[in-house]
Amino acid sequence: FLTPSGRRAPAHFCCTSAPARAVAEMSDGVDVLVVGSGGREHAIACKLRDSPKVRHVFCAPGNGGTASEPNMTNMAVGDSDVEGLVKLAKEKEVALVFVGPEAPLCAGLADACAAAGVKCFGPTKMAAELEASKAFSKDFFAKYDLPTATYKNFKAGEHEAAMTYVEGEYAAGREVVVKASGLAAGKGVLMPTSVDEAKAAVKEVMVDKAFGSAGDEVVIEQLLIGEECSCMAFADGKIASMMAPAQDHKRVDDNDQGPNTGGMGAYAPAPCLTPKLRRETEAILQRTVEALAKEGRTYIGVLYGGFMLTKDGPMLLEYNCRFGDPETEVLLPLLDSDLYEVALGCAEGDLKARVPEVKWKPSAAATVVCAAKGYPGSYPKGLPIHGLAEASAVEGVKVYHAGTKSTDGGFVTSGGRVLTVTGLGADFREALKKAYQGVECIRFDPPGGPSASLHFRRDIGRRALERPMRIGIVGTTNGSSSQATIDAIKAGSLNAQVAVICSNKSDAGILERAKREGIPGVHVPCKKGTPRAEYDAKLDEVLREHGVDLVLLVGFMRIVSPEFCQDWKGACINIHPSLLPKHSGLMDLEVHKAVLDAGDTETGCTVHVVTAEVDGGPVVVQRKVPVVAGDTPEALKAKVQAEEGPAIVEAVRMFCEGRMPTVA
């Protein structure tokens, strides 16, 4: 189950002065320069071109895709030619330089632009050290208490010390990750699975120089367990305005097999980042921008945090000083604000003045990378590309070029990652479906020939599609009937997780159960006389913060408000100790007494959808027990309670499988 997508970034409010906007509001528009040649830069150039303030986009050097776009021109200046790029920016009198890749930033392009009086969206060389040196970034994290894995840095010549450290970590039961400290095109992170592999990784980086000078210093850090999430923010030196969270797929083959790549696909918003985790992540990004400013490293541009979502909260893996690729190809289609205005506001050091609130579309996006067969190893170049027009004709699809070249005979492949095909939809499933519809149109071989030269993953978005459904349990008593669900989850027979357990009683046994099971427990106090809707609004806030998909009421001794029922329509269930509609409105022992008084020959429990009509919602599951001579209310309670746990598990499974009854 996926939570509703398209969450908005936090709002910032400020008045905008007319002088600050004068350049961008010229009636004939402005020209901008995009630096880079990949799919990321194609997406950036298109989004800038779509701004009503932009007249023309120059791309240096660009690719086949940018060469074919209207109001866009490729320039024969390499993205590592800092002097040439500044000269080009001055000659074309561009209003903004937007830098895509990390290398020119780490080489000082933003500094050179500033010296020449050209506005640049991208961090200075000092600020970009956050990506240029993993050793620096880890020490920076430690200095400013930013959450990250324990680590140790080793310089050239300290190979033996690094080996000893690795042996000690594994002897203590801790696995490690080995990272080349310098820039290694996204491939300098090694994930060993044993002490021998870890030692071999150290040798590969430090002795064999597999990553060249990038491995002159190595970072060895503790392996973090959790789900990875790409969290980027627009930064103006003072604030970090977070974008929609994204997730990418690094391994070249399905099921995360094969070698690492620059990325084989991505999607956003990533459902793994709950509102609570998002708030924590935003705080880390903001603290980072403030810490960099304190060190004289004012950060302007995209701050890209790679986070691991652990049981202890979000932990920083690393920072990049630019947009991710292919994440850019899903994030920018979701951006509702004007990218030119956002980037210019950051470059001017005051994002709020130009864009009071960075807005995002209430949609989802997914992209699939079409790579040349053999990537990330050796692969052929110059293969003709067919089907681009057909793919682009699919509604909601945009094809971004990464490794292409335009020839008289059409487009041909010129790199490993050739295209990124992005689908935009109302929800994640629709976006993914459209992306794959576009991919199916594309071939890298001559018409009629074998399609063995194109490679793409067929499981992009699998983590989101298969993610456990998140349950929020609400109760007043011991919540004993919830234990069967918790046990089924632990046994792996139910694809769900209990995200939070809430109670209106601070000493409720259900909160003790949460503590015992390692589940977040939250006391939502209720003062006497508090209106139902007012209390339920507080409860709703807690459930939303934890990204709950299904609310399970277990022994909750309150009647929820109509407002709560509407907010959780079809996604809130209750367990009642009778065979509804019999004996509705009664609780605990009074239900079982009513069964005996009525002379019923059978009773049981009912899981039903919660609606404004008390105990009147559609029945999901019922389980029956016989009433025999000599039964007391206490005896019936025990028999019925034994059936409640299995009934709830069955109902949760039905919810997961989309088999719930319809609520009018």
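The values are calculated or read from the model by the stated rules, or taken from the named source; none is laboratory data. Predicted, not measured: the structure shown is a model, and the values here were computed from it. Cβ atoms come from the backbone with ideal geometry, glycine included; neighbour counts cover every protein chain shown. Ligands, DNA and RNA are excluded from the accessible area calculation, which covers all protein heavy atoms including side chains. Shrake-Rupley method; radii C 1.70, N 1.55, O 1.52, S 1.80 Å.
Scanning the range 256-267 for residues that are modelled with pLDDT of 95 or more and either farther than 28 Å from Thr124 by Cβ or out of contact with any helix residue (DSSP H, G or I) (no Cβ under 8 Å at 6 or more places or on another chain) (or both) turns up Met264, Gly265, Tyr267. Residues in the range 472-491 that are at pLDDT 95 or above and open to solvent by 60 Å² or more (accessible area, probe 1.4 Å) were compared, and the one that is nearest to Glu650 (Cα to Cα) is Asp487.
Taken across the range 137-152, residues that are part of a strand (DSSP E or B), among the hydroxyl-bearing types (Ser, Thr, Tyr), open to solvent by 50 Å² or more (accessible area, probe 1.4 Å) and touching a residue at least 24 places away in the same chain (Cβ under 8 Å) do occur, with at least one present.
Considered as a group, the residues in the range 36-87 that are part of a loop (DSSP other than H, G, I, E, B) and of a type in the set (A, V, I, L, M) include one that is most open to solvent (accessible area, probe 1.4 Å), and that residue is Ala76. Across the range 189-204, a minimum of one residue is classified as farther than 29 Å from Glu282 by Cβ, modelled with pLDDT under 95 and in contact with a His (Cβ under 9 Å, 6 or more places away or on another chain).
Against the condition farther than 20 Å from Lys138 by Cα and open to solvent by less than 30 Å² (accessible area, probe 1.4 Å), how does Ala270 come out, does it pass? When the stated conditions are applied, Ala270 passes them. When we screen Ala114, Ala132 for residues that are surrounded by fewer than 24 Cβ atoms within 10 Å (Cβ to Cβ), at pLDDT below 95, hydrophobic (A, V, I, L, M, F, W, C) and closer than 30 Å to Ala214 by Cβ, the only hit is Ala132. The listed residues are Ala366, Ala391, Ala347, and the only one of them that is in contact with a Leu (Cβ under 9 Å, 6 or more places away or on another chain), farther than 30 Å from Lys238 by Cβ and crowded, with 24+ Cβ neighbours inside 10 Å turns out to be Ala366.
Residue count for the range 153-167 satisfying the condition of being assigned to a strand (DSSP E or B) and either among the hydrophobic types (A, V, I, L, M, F, W, C) or surrounded by fewer than 16 Cβ atoms within 10 Å (Cβ to Cβ) (or both): 1. Taking the conditions exactly as written (closer than 21 Å to Thr662 by Cβ and either among the acidic types (Asp, Glu) or touching a residue at least 12 places away in the same chain (Cβ under 8 Å) (or both)), does Ser584 satisfy them or not? Taking the combined requirement at face value, the residue satisfies it. Looking only at the range 313-332, filter to residues that are over 29 Å from Ala499 (Cβ atoms) and open to solvent by 10 Å² or more (accessible area, probe 1.4 Å); which one of those is nearest to the chain's Cα centre (by Cα)? Among those residues, the one meeting the criterion is Asp325. As a summary of the residue check, Arg623 satisfies the conditions (1) touching a residue at least 40 places away in the same chain (Cβ under 8 Å); (2) in contact with a Cys (Cβ under 9 Å, 6 or more places away or on another chain); (3) among the charged types (D, E, K, R) except for the one numbered (1). Listed by position, the strands (runs of 3 or more DSSP E) contained in the range 181-276 that have at least 3 residues being under 19 Å from the mean Cα position of the chain (by Cα) and not charged (D, E, K, R) are 227-236, 240-242, 265-268.
Residue-by-condition table, conditions (1) modelled with pLDDT under 95; (2) surrounded by fewer than 19 Cβ atoms within 10 Å (Cβ to Cβ); (3) in contact with a Cys (Cβ under 7 Å, 6 or more places away or on another chain); (4) farther than 20 Å from Gly263 by Cα:
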residue: Thr420; (1), (2), (3), (4): no, no, no, no
residue: Gly425; (1), (2), (3), (4): no, no, no, yes
residue: Ala431; (1), (2), (3), (4): no, no, no, no
residue: Ala435; (1), (2), (3), (4): no, no, no, no
residue: Glu440; (1), (2), (3), (4): no, yes, no, no
residue: Phe444; (1), (2), (3), (4): yes, no, no, no
residue: Arg458; (1), (2), (3), (4): no, yes, no, no
residue: Arg470; (1), (2), (3), (4): no, no, no, yes
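Annotation note: of Leu494, Leu511, the sole residue that is assigned to a loop (DSSP other than H, G, I, E, B), in contact (Cβ under 8 Å) with a residue 12 or more places away in the chain and open to solvent by less than 30 Å² (accessible area, probe 1.4 Å) is Leu494. For the range 256-272, the criterion of a residue being under 22 Å from Glu131 (Cα atoms) and of a type in the set (D, E, K, R) is satisfied by no position. Could you list, in sequence order, all residues of the range 383-426 that are within 27 Å of the chain's Cα centre (by Cα) and more than 30 Å from Pro269 (Cβ to Cβ)? Passing the criteria: none in range. If you filter the range 168-223 down to residues that are among the acidic types (Asp, Glu) and farther than 27 Å from Arg322 by Cα, you find that the one that is least open to solvent (accessible area, probe 1.4 Å) is Glu169.
The strands (runs of 3 or more DSSP E) located wholly in the range 569-651 that include 1 or more residues which are open to solvent by 50 Å² or more (accessible area, probe 1.4 Å) occupy 602-609, 619-626.
State yes or no: is Lys90 under 29 Å from the mean Cα position of the chain (by Cα) and at pLDDT 95 or above?
no
Of the residues Glu290, Glu329, Glu282, Glu318, the single one that is of a type in the set (Asp, Glu) and part of a strand (DSSP E or B) is Glu318. Within the range 224-255, how many residues are modelled with pLDDT of 95 or more, open to solvent by 30 Å² or more (accessible area, probe 1.4 Å) and among the acidic types (Asp, Glu)? Number of matching residues: 2.
Taken as a whole, the structure leaves Lys119 outside the set of residues that are in contact (Cβ under 8 Å) with a residue 60 or more places away in the chain and over 30 Å from Glu348 (Cβ atoms). Among the residues of the range 489-536, those that are closer than 16 Å to Phe556 by Cα and aliphatic (A, V, I, L, M) comprise Val500, Ile501, Ala508, Ile510, Leu511, Ala514, Val522, Val524, Ala533.
Within the range 550-568, the set of residues being open to solvent by less than 20 Å² (accessible area, probe 1.4 Å) and either over 30 Å from Pro626 (Cβ atoms) or not aliphatic (A, V, I, L, M) (or both) comprises Leu550, Val551, Phe556, Val560, Ser561, Phe564, Cys565, Trp568. Considering Thr281, Thr298, Thr310, the condition of being of a type in the set (Val, Ile, Thr), in contact with a Leu (Cβ under 6 Å, 6 or more places away or on another chain) and either more than 26 Å from Val368 (Cα to Cα) or open to solvent by 30 Å² or more (accessible area, probe 1.4 Å) (or both) is satisfied by Thr310 alone.
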